[in-house]
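Here is the structure we will look at.
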Amino acid sequence: MFSKFVFKEFKMVAVRPYRPLGIDSEASSDPHQIKLYELPAAAQMSVYGPVVKIHPVVLASIGDSYERRNEGASRVIGTLLGTIDKHSVEVTNCFSVPHNESEDEVAVDMEFAKNMYDLHKRVSPSEVIVGWYATGFEITEHSVLIHEYYSREATNPIHLTMDTALQSGKMNIRAYVSAQMGVPGKTVGVMFTPLSVKYKYYDTERIGVDLLQRTRDAPNTTNGLTSDLCQVGGAAGRVQDMLATVLTYIEDVLSGKQMADNSVGRYLMDLVNKVPKITAEDFETMLNSNINDLLMVTYLSNLTQAQIALNEKIVVL
């Protein structure tokens with residue numbers, strides 16, 4: 001069931017062109033009228049508020065919902081789920097929400113959004129609503145109205161935009177927070193301030209990201225998941241490359257070719273302190289033991305798969 005909650009309950013009008021950043025000097029006939037103000041280019045360089053950390057599964061889900069959108073729909077919207085701490089907002093999941101837009105109104109299926117959130121809470125009780133997303137490269141007047149709804153579901157929600165049209169040749173991803181501005185008795189404005197966006201992933205998500213990276217240069221080819229031993233070998237190779245980079249940096253600093261960076265030195269000190277004190281013989285014994293365990297698990301899984309396949313063929317006969 002679609003609900004035109006924005007226009008009827010709050011009497012917000014956001015259907016005419018907006019002026020640049022500033023306060024309207026003329027009094028509005030409707031005290032609930034909202035105008036959208038965009039920051040100028042110089043002001044967008046400064047970032048306020050928490051850091052938004054986005055997981056790859058969120059971006060993949062947004063892209064998938066955009067590809068599966070209804071015929072004639074220009075964009076898709078959805079709810080962002082995750083966790084909030086003092087300095088950051090971590091977005092770990094999301095789901096799309098059906099909606100309809102026209103020139104003078106927007107309707108959102110709030111009942112669907114509520115039911116989906118209730119189902120997500122059963123699986124991941126720690127994930128809460130942190131904001132909403134929309135595909136596109138700009139904030140529209142309808143975004144103000146939808147953002148008002150999510151402001152009732154979460155405290156200071158974030159708004160994430162994903163440029164699926166590749167306006168600048170790449171898929172720009174931006175996050176905003178809103179703040180009301182204006183003078184008492186005058187027109188109320190809403191200002192969207194950009195936030196810093198970083199990408200974070202779990203170990204399981206890293207496997208999928210690495211798989212996608214291998215198909216970047218040859219999109220028409222098909223690549224499957226590698227075996228456990230290949231993944232261990234690849235991880236060991238990446239660690240070796242990173243250690244070589246660190247050693248090169250240290251040698252350049254000691255020889256005077258490069259200026260020392262105190263922050264890098266602190267990171268290296270923390271890295272050295274975290275390395276356990278263990279002899280080479282003990283390390284080799286521990287490594288061989290873990291490899292033997294991995295080989296045993298791989299053998300048992302392959303044996304189980306063979307038995308299941310054999311049993312299926314026997315049943316068919």
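The values are calculated or read from the model by the stated rules, or taken from the named source; none is laboratory data. The shown structure was predicted, so the numbers you read here are calculated from the model rather than taken from an experiment. Neighbour counts are summed over all protein chains in view; Cβ atoms, including those assigned to glycine, are modelled from backbone coordinates with ideal geometry. Remember, those area values only see protein heavy atoms, side chains included, never the ligands or the DNA or RNA. Shrake-Rupley method; radii C 1.70, N 1.55, O 1.52, S 1.80 Å.
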Candidates V128, V91, V106 - the one that is in contact with a His (Cβ under 8 Å, 6 or more places away or on another chain) and within 23 Å of P194 (Cα to Cα): V91
The range 48-73, subset open to solvent by less than 70 Å² (accessible area, probe 1.4 Å) and in a loop (DSSP other than H, G, I, E, B), residue modelled with the lowest pLDDT: G49
Subset of the range 76-101 (residues that are over 18 Å from Y66 (Cα atoms) and either open to solvent by 30 Å² or more (accessible area, probe 1.4 Å) or in contact (Cβ under 8 Å) with a residue 60 or more places away in the chain (or both)): T83, I84, D85, K86, H87, V89, E90, V91
Any hit, the range 298-305, residues being closer than 30 Å to S227 by Cα, of a type outside the set (F, W, Y), touching a residue at least 40 places away in the same chain (Cβ under 8 Å) and in contact with a helix residue (DSSP H, G or I) (Cβ under 9 Å, 6 or more places away or on another chain): yes
Sole exception among (1) surrounded by 10 or more Cβ atoms within 10 Å (Cβ to Cβ); (2) under 30 Å from V57 (Cα atoms) for D217, by number: (1)
Those strands (runs of 3 or more DSSP E) lying entirely in the range 97-203 with at least 1 residues among the small types (G, A, S) and modelled with pLDDT of 85 or more: 128-135, 173-181
Members of the range 84-109 found to be in contact with an Asp or Glu (Cβ under 7 Å, 6 or more places away or on another chain) and under 19 Å from A60 (Cα atoms), listed by number: T92, N93, V97, P98
